[in-house]
Amino acid sequence: MTFKAEYIWIDGTEPTAKLRSKTKIITGAFGGLGTLPVWGFDGSSTNQAEGHASDRVLRPVFSCPDPIRGGDDILVLCDVLDTDMTPHRSNTRAPLAEVAERFAAQEPIFGIEQEYTFFEGSRPLGFPENGFPAPQGGYYCGVGADEIFGRDVVEAHLDNCLKAGLAISGINAEVMPGQWEFQVGPVSPLEVSDHLWVARWLLYRTAEDFGVSATLDPKPVKGDWNGAGAHTNFSTKAMREGYDAIITACESLGEGSKPLDHVKNYGAGIDERLTGLHETAPWDKYTYGVSDRGASVRIPWQVEKDRKGYIEDRRPNANVDPYVVTRLLVDTCCSALEK
Ligand code: ADP
Ligand code: MN
Ligand code: MN
Ligand code: MN
Ligand code: MN
């Protein structure tokens, strides 16, 4: 017998990496992640190598059932190595693995809210051929054909994520027509990131069959239309047990060069989205506050009431690399909490 393994990886496109995949036919029965072979690809076609030394290595790091093909077929997320088996410069997973290992005792977990926008041709789904739809107000969590565009795709994507066994935890329609969100987590840093990358791949792949594309563009329509973010909710064991740790984490993110170190790695085009309007804080000013959707970091009201829980970093763009945002948050907050 044979099965199909869809090998998925993150390429080297600047400033925002793209997903790539290709299919390997494997003989025998699937025996677990550790039994999957490494594979190779042409790095000169993905901004990961020069033509004269183009081979790069795909190392399987996560696998799950393939909900598109079904049966015994699987999806295989890989990270990219050079031929000496060291991480390629585009590989952001390897540095996260190190930081997550270093702070594992603090038990950090993440829930990421992935916003995205459907496009049909050059317009967001639901935008008329000429001009604009009615201004924002009724679309967020809306219902009805005058407010909702693409629900059939969203439902199919949700089912595919569940069939794949990903830690998807919810969906909602967003503030701009054609804009949606799904949430992954809360789970460990590597898990939330691996699952989010596979959920993104499934989003593009599911929408493909509907003739629709999905984009993580942080500001798909200029002007008075909401951008797309990836709010990153974060806690450690100490934060889930007491409020002092919540405040320590919020303060640590404001120290010295930290605000800029984070923001400049939170997705290309972040200054276009973090303007201080449309439920954002200005990119060059760090603030935190309870219930404040205009702050960089929000402490949910329930967390203040319970005196424990998690914080929400509202700054990351929809196009952020989850391996990067989770590494930065663990590194900054867990270093401060360790003291
Ligand atoms: P909102 O839209 O109000 O910001 P959502 O319900 O979309 O909130 O997202 C909240 C996120 O917080 C979810 O992804 C959930 O997984 C995450 N979350 C809940 N509790 C924790 C926790 N203790 N640590 C980290 N993340 C958490
Ligand atoms: Mn070829
Ligand atoms: Mn949300
Ligand atoms: Mn949202
Ligand atoms: Mn949020």
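No lab work stands behind these numbers, since they all come straight from the coordinates. The shown structure was predicted, so the numbers you read here are calculated from the model rather than taken from an experiment. Don't worry about glycine lacking a Cβ; one is built from the backbone with ideal geometry, like all the others, and counts go over all protein chains shown.
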**Request:** Pairs to check: Lys24/Lys219; Lys219/Lys285; Lys308/Lys339. Give those whose C-alpha atoms are more than 29 Å from each other in this structure.
**Result:** Lys24/Lys219
**Request:** Given a cut-off of 24 Å, name the pairs among Lys264/Lys305; Lys18/Lys264; Lys258/Lys305 whose C-alpha atoms lie farther apart than that in the structure shown.
**Result:** Lys264/Lys305; Lys258/Lys305
**Asked** ³J(HN,Hα) across the stretch 83-88 via Karplus (A = 6.51, B = -1.76, C = 1.60, θ = phi - 60°), whole Hz, x for Gly/Pro?
**Response** 5, 8, 6, 9, x, 5
**Message:** Give me, ordered by chain and number, the residues 5 or more places off Gln114 or on other chains with an amide H under 5 Å from its own placed amide H.
**Reply:** Phe182, Gln183, Val184
**Item:** Under the Karplus curve 6.51 cos²θ - 1.76 cosθ + 1.60, θ = phi - 60°, whole-Hz ³J(HN,Hα) for the stretch 138-155, x wherever Gly or Pro sits
**Value:** x, 7, 4, 6, x, 8, x, 5, 7, 10, 10, 10, x, 4, 4, 5, 4, 5
**Message:** Give me the one-decimal nm value for the distance between modelled label points at Glu338 and Ala268, 7 Å along each residue's Cα-to-Cβ direction.
**Reply:** 3.3
**Request:** Using a 10 angstrom cutoff on alpha carbons, build the Gaussian network for the chain and name the most mobile of Ser54, Ser291, Ser257.
**Result:** Ser257
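Looking at the chain, I'd like the Rg to Rh ratio, where Rg is from alpha-carbon atoms and Rh is Kirkwood's inverse mean 1/r. If you can, show how the numbers build up before the last one.
Values: Rg = 20.2 Å, Rh = 20.9 Å.
We get a ratio of 0.97 for the chain.
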**Prompt:** Taking the chain as a Gaussian network, Cα atoms linked when under 10 Å apart, which of Met85, Met176, Met239 shows the biggest mean-square fluctuation?
**Reply:** Met85
**Prompt:** Among the trypsin sites (Lys or Arg not before Pro) within the stretch 209-250, which fall in a DSSP loop and have no more than 15 other Cβ atoms within 10 Å of their own Cβ?
**Reply:** Lys222
**Asked** Quick one: Cα centre-to-centre distance for the stretch 118-190 and the stretch 211-234, in angstrom?
**Response** 10
**Item:** Candidates per GluC sites (Glu not before Pro) in the stretch 110-188, loop by DSSP, up to 12 other Cβ within 10 Å
**Value:** Glu129
**Asked** Which loop-located trypsin sites (Lys or Arg not before Pro) does the stretch 56-108 contain, where loop means any DSSP state but H, G, I, E or B and the Cβ has at most 15 other Cβ atoms within 10 Å?
**Response** Arg69, Arg89
**Asked** Which aspartates and glutamates have a Cα less than 18 Å from the Cα of Lys22, not counting those fewer than 8 places away in the same chain?
**Response** Glu6, Asp11, Asp42, Asp55, Asp66, Asp72, Asp73, Asp79, Asp194, Glu208, Asp209
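Work out the length of the dipole vector of the stretch 214-326 about its Cα centre, built from +1 on the beta-carbon of each Lys and Arg and -1 on the beta-carbon of each Asp and Glu, and round it to the nearest 20 debye.
In total the dipole reaches around 160 debye.
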**Request:** Report ³J(HN,Hα) in whole Hz for each residue of the stretch 109-123, in order, from the Karplus equation J = 6.51 cos²θ - 1.76 cosθ + 1.60 where θ = phi - 60°; Gly and Pro get x.
**Result:** 9, 9, x, 10, 9, 8, 8, 7, 10, 7, 10, 10, x, 9, 10
**Asked** Placing +1 at every Lys and Arg Cβ and -1 at every Asp and Glu Cβ, with all other atoms neutral, what dipole size does the stretch 70-112 have around its Cα centre, in debye to the nearest 20?
**Response** 220
**Message:** Pick from Ala100, Ala17, Ala29 the residue whose mean-square fluctuation is largest in a GNM of the chain, springs joining Cα atoms under 10 Å.
**Reply:** Ala29
**Request:** Using the Cα centre as the reference, give the magnitude of the dipole from point charges on the C-beta atoms of the chain (Lys, Arg: +1; Asp, Glu: -1; all else neutral), rounded to the nearest 20 debye.
**Result:** 300
